[in-house]
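One structure is given below, encoded as structure tokens.
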Amino acid sequence: MTTTALSGTAREGITMNGLGLIRRHAAAFGRFAGLGSGVTLAASAALVLLAQWIPWMVANALTTVASTVVATELHARVSFGHGRPGLAGHLKSAATIAVGWLVTSAAVGSLAVLRPDSGLVLQQTVYLSATALVGIGRYLVLRLMVFAERVPRSRTGGGVRSRAACDVAARARTARSAGHPRRHAGCRMSGTDWTVVG
């Protein structure tokens, strides 16, 4: 039985691809967390203002729906470079928020049953911990399932649907043209598609 060892160049390529993947996910998660926090703060401020004019429950419902729609649009376009999410993307994103609400409610409710004498600090610790776990879970679901990177697929005019897919195709083209050191492929928006140029 023979064992084929990877060459130094192949190992280096795998390492660089792995580091690039980690950097890409870290950047996406940073955008996700930043945009989510910004939308939450804006929704909180809007809720305070609206509650002065309409009943609190109505204001809460309106700000929840509006902030969910805005956050989904921002995450799809900015956090994940996926483009417009469409109705299906909005519904799936709303479902992740509903599941998150159930998880945080269950965590705080369980604390109330198990430790009815718990103070504010413990309650907030449980709530914030559950919220953090929900946020990570929501990121993973949106990133890997709802707004997953698509394999670059040629369409009319040679374009692809998402920016992330175009970036993958551009890197592949740049790697193929290694004999031309000045040639570097990039992405350009063309209509509703991303096109590899260069």
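Below, the figures for the structure above:
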{"quantity": "DSSP-loop chymotrypsin sites (Phe, Trp or Tyr not before Pro) across the stretch 32-84, with at most 13 other Cβ within 10 angstrom", "calculated": "Trp53"}
{"quantity": "Separation of the Ala27 and Val121 label points, Cα + 7 Å toward Cβ, nm", "calculated": "4.1"}
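No lab work stands behind these numbers, since they all come straight from the coordinates. Fair warning: this is a prediction, and the values are worked out from it, not measured in the lab. Counting neighbours? That spans all protein chains shown, and the Cβs are built from the backbone with ideal geometry, glycine included.
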